[in-house]
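One structure below.
The values are calculated or read from the model by the stated rules, or taken from the named source; none is laboratory data. All values reported here derive from a predicted model rather than from experimental measurement. Cβ placement follows ideal geometry from the backbone for every residue including glycine, while neighbour counts extend to all protein chains displayed. To get the accessible areas, we keep the full protein, side chains included, count just its heavy atoms, and leave off ligands, DNA and RNA. Shrake-Rupley method; radii C 1.70, N 1.55, O 1.52, S 1.80 Å.
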Amino acid sequence: MRIIAGLGNPGKEYEGTRHNIGFVTVCELARQNDISISSFERHSFVGKGIVGGEKTLIVMPQTYMNLSGVAIRAALEYYKEPVENLIVIYDDVSLEPGKIRIRERGSAGGHNGIKNIIAELGTQDFNRIRIGVGEKPPHYDLVDWVLGRFKEEQIPDMEKAVDNACKAAECIIRDGAAKAMNEFNG
């Protein structure tokens, strides 16, 4: 079984923020694959179904971004899945809005949610799909930037990025991360 985790913060006040693009993406992936994210287990809202031809658990950690690893580790342990079956989808301030990047491993790159996942899992070797939310302007605090909302003119690019991230997740499952990187890391 594959586990696809979208990162974000729970609560109405965080809906639509840059930091919650991972939640938006897994909700869209669930919609496209007729999966209901309606159960709550092990610190996460989850949905089970088929993505890319394989049984998949979609996970939305409710531990807040900086403790995402707690929920993801709990899901991997409960379902006895190896970290190789994990795909994490999250925001990245080093990418332009609307761009995506796929990696099979790597550092946290300053992202606190990824730092916690690496700490909880004890490895950097897991698939990830980074969605660009844009670099913070010089006068902004990073926290204020990622907890802010997209400008109206950015929304079409972000919708396209979400759709591409969904396709990339399916490609990783069907054909492997190398093919997905070749196809989507343009």
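Points worth noting:
- FRET efficiency for the pair Glu152 and Arg31, taken as 1/(1 + (r/R0)^6) with r the Cβ-Cβ distance and R0 = 22 Å, rounds to 0.45.
- Peptides 133-143, 6-16 ranked from most to least packed by the mean count of surrounding Cβ atoms within 10 Å: 6-16, 133-143.
- Angle between the chain longest axis and helix 21-32 axis [Cα atoms, degrees, rounded to 10]: 50
- Glu183-Glu15 pseudo-label distance in nm [points 7 Å out on the Cα-to-Cβ vector]: 3.2
- Computed with a 1.4 Å probe over protein heavy atoms only, the accessible surface of the chain comes to 47 Å² per residue.
- The angle separating the long axis of helix 155-175 from the principal Cα axis of greatest extent in the chain is about 30 degrees.
- With 0.36 nm allotted per residue and the present C-alpha distance subtracted, the Asp141-Ser39 stretch has 33.2 nm of extension available.
- Percent accessible area from carbon and sulfur atoms, the chain, protein chains only, probe 1.4 Å: 48
- Full-extension gain in nm, Glu84 to Glu54, via 0.36 nm per residue minus C-alpha separation: 9.4 nm
- Here is the list for the range 122-182: trypsin sites (Lys or Arg not before Pro) lying in DSSP coil, each with at most 16 other C-beta atoms within 10 angstrom of its C-beta, are Lys151.
- Candidate values (i) 16.8, 57; (ii) 19.8, 73; (iii) 14.9, 46, label of the one derived for Rg and Dmax of the Cα atoms in Å: (iii)
- Pairs beyond 25 Å (Cα-Cα), from Lys12/Lys179; Lys48/Lys80; Lys115/Lys160; Lys99/Lys136: Lys12/Lys179; Lys115/Lys160
- In the chain, taking the dipole from charged Cβ atoms about the Cα centre, the farthest positive-side position among Ser38, Tyr90, Gly49 is held by Gly49.
- Distance-filtered residues of the range 142-186 - backbone nitrogen under 13 Å, label point 7 angstrom along Leu121 Cα→Cβ: none
- The separation of the range 108-148 from the range 36-103, counted between C-alpha centres, amounts to 15 Å.
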